[in-house]
Amino acid sequence: MILETAVRNAMVNAVDDEINAGAAATFVFETSGDVAVATITLQDPAFGAAAAGVITLQGVPLSDNSAAGGTTVQASIFADAVKILELTVGTSGTEIIISSTTIGATDQVDLTALTITQPAS
């Protein structure tokens, strides 16, 4: 199966619509037990319009200037506390690359780029 670009764009735009459906969308670095390590508030809309099946996070860099701290292995995007998607986090070979998975309490955590892609096949 091969998805045409218009369909891929509609699919990722629908993800962005879900993220923006609530009053406050957040990107949360989490432990394996779903405990928040750092929370970053996203803009509304969070992503720009899709192009070639890709949406790109707007307003970067975005920061949490007072992280709770802990070891992160995943990150989730929430809309009004409803989890929309979950991503793996690590220093390599994961969906989110971070310099260290250990985040100290009160550390500043910066989100510098994020894209979501719907492949053609």
Segment Thr117-Thr94, length gained on full extension (0.36 nm per residue, minus Cα span): 6.8 nm
Looking at the square roots a ≥ b ≥ c of the eigenvalues of the Cα gyration tensor of segment 1-47, which shape do they give, rounded for a/c under 1.5, prolate if a/b is larger than b/c, or oblate? oblate
Kindly write out, for segment 28-39 in residue order, the coupling ³J(HN,Hα) from the Karplus curve 6.51 cos²θ - 1.76 cosθ + 1.60 (θ = phi - 60°), rounded to whole Hz, with x marking Gly and Pro. 10, 6, 10, 6, 5, x, 6, 8, 5, 9, 8, 10
Just to be sure I understand: with springs between alpha-carbon atoms less than 10 Å apart, which residue in Ser66, Ser99, Ser76 has the highest mean-square fluctuation in the Gaussian network model of the chain? Ser99
Among Ala23, Ala36, Ala75, which one shows the biggest mean-square fluctuation in a GNM of the chain, springs joining Cα atoms closer than 10 Å? Ala23
Please report Leu85, Leu114 as a ranked list, fewest other C-beta atoms within 10 angstrom at the top and most at the bottom. Leu85, Leu114
Taking H placed 1.01 Å from N in the peptide plane, check which residues at least 5 places from Gln58 or on another chain put their amide H under 5 Å from its amide H. Phe47, Gly48
For Glu30, distant residues with modelled amide H under 5 Å away: Val37, Val73, Gln74, Ala75, Ser76
Rounded to whole Hz, the Karplus (6.51, -1.76, 1.60) HN-Hα couplings of segment 40-48, x for glycine and proline: 10, 7, 8, 5, 10, x, 6, 10, x
Computed over the chain: longest principal axis from alpha-carbon atoms vs helix 5-19 long axis, angle to nearest 10 degrees, is 40 degrees
Which of Val82, Ser99, Pro119, positive extreme of dipole for the chain (C-beta unit charges): Pro119
Helix-only mean residue ellipticity at 222 nm for the chain, each DSSP H run of n ≥ 4 adding -39500 (n - 2.57), per residue, nearest 500: -4000 deg cm²/dmol
Of all DSSP beta bridges located in segment 5-117, what percent are antiparallel, nearest 5? 95 percent
Summed over the other residues with a beta carbon less than 12 angstrom from that of Asp44, with K and R at +1 and D and E at -1, the charge totals -3
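Values quoted throughout were computed directly from the atomic coordinates according to the rules given, and no laboratory measurement underlies them. Quick caveat, the model's predicted, so the values are computed rather than measured. Every residue, glycine as well, gets a Cβ built from its backbone with ideal geometry; the counts of neighbours run over all protein chains shown.
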